[in-house]
Amino acid sequence: ELKVEQNPLFLSMQEGKNYTIYCNYSTTSDRLYWYRQDPGKSLESLFVLLSNGAVKQEGRLMASLDTKARLSTLHITAAVHDLSATYFCAGGRDDKIIFGKGTRLHILP
Amino acid sequence: GAGVSQSPSNKVTEKGKDVELRCDPISGHTALYWYRQSLGQGLEFLIYFQGNSAPDKSGLPSDRFSAERTGGSVSTLTIQRTQQEDSAVYLCASSSSGEDPEAFFGQGTRLTVV
C-alpha cells in the first residue's frame, strides 16, 4: 500500500528566504504530484513528475523527483507572501492517487 | 465543460438523511476520483473509477457510502443515514490515462450534517 509522508507539516518563513518541502513515499510510485490549496478553495495542480531525475519549475517553485530514494522535493526560492498556502504531494500507483497530509506554509511579509 | 464540476457546492442535511453528491468530470477523462477532506486535514481517498473497470472502493469508510459512474462520465457519491462525522468537503478529480496523467479537481461539495 502506497503511503506518502510530507515534512514539515507547518512552516513559517520570512519573505526572500529559500526553503524546501520534502515528500517521501513508501513503495514504487508511477508518478508524483504537487498541488497547492488556498484556504476554502480546491486543489490547484502545480507539477506532475514522471521519471527519475525529473525537474520542473514554475516561477519561484521547483519540484524534483528521485525515484531511487522515493523522495520528491518542492523548493521555494526567494519566497513571497502570495505563496502562502497548503502544499500537498501525492503519489500515483496503479492509477490511484494517494495524498500526504500537506504542508501549511505561512510566509511573513 | 472546461473543468470538473461538482454539485451542490454546499449541502446541509439532518442526521440520518441520505445525500447524493454529483461530479461531472472533464470530457474525455477516463479516471475519476472521490476524496474527503475534513477541516484542516489532508485528503482521504474514497473511491476510484477507471473506464469500464470495476471501481476501487478500498477507501470507502463504511457501507453507508457508495458511488457509481454512469456511462463512464458523471459520478454520484451517495451517503446513507448520514452521521455528524460525515461532515467534510467532498472533492472529485478526473484525469486522462496515458502520457499526461495530470489530475484536476472540482471545487468540492461542503457537507454539513446537523
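The values are calculated or read from the model by the stated rules, or taken from the named source; none is laboratory data. Since the structure is predicted, the reported quantities are computational estimates derived from the model, not experimental observations. Here the Cβ positions follow ideal geometry from the backbone for every residue, glycine too, while neighbour counts run over all protein chains shown. For accessibility, only protein heavy atoms count, side chains too; no ligands or nucleic acids. Shrake-Rupley method; radii C 1.70, N 1.55, O 1.52, S 1.80 Å.
Numbers below:
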{"read-out": "Top-ranked residue of segment B:71-114 - restricted to ones that are at positive phi and in a helix (DSSP H, G or I), ranked as surrounded by the most Cβ atoms within 10 Å (Cβ to Cβ)", "value": "B:GLY72"}
{"read-out": "Matching residues, segment B:1-60, being basic (Lys, Arg) and open to solvent by 40 Å² or more (accessible area, probe 1.4 Å)", "value": "B:LYS11, B:LYS15, B:LYS17, B:ARG22, B:LYS57"}
{"read-out": "Strands (runs of 3 or more DSSP E) wholly inside segment B:1-70 containing at least 3 residues that are over 23 Å from B:SER96 (Cβ atoms)", "value": "B:10-13"}
{"read-out": "Selection within segment A:41-72 - modelled with pLDDT of 95 or more, part of a loop (DSSP other than H, G, I, E, B) and surrounded by fewer than 14 Cβ atoms within 10 Å (Cβ to Cβ)", "value": "A:GLY59"}
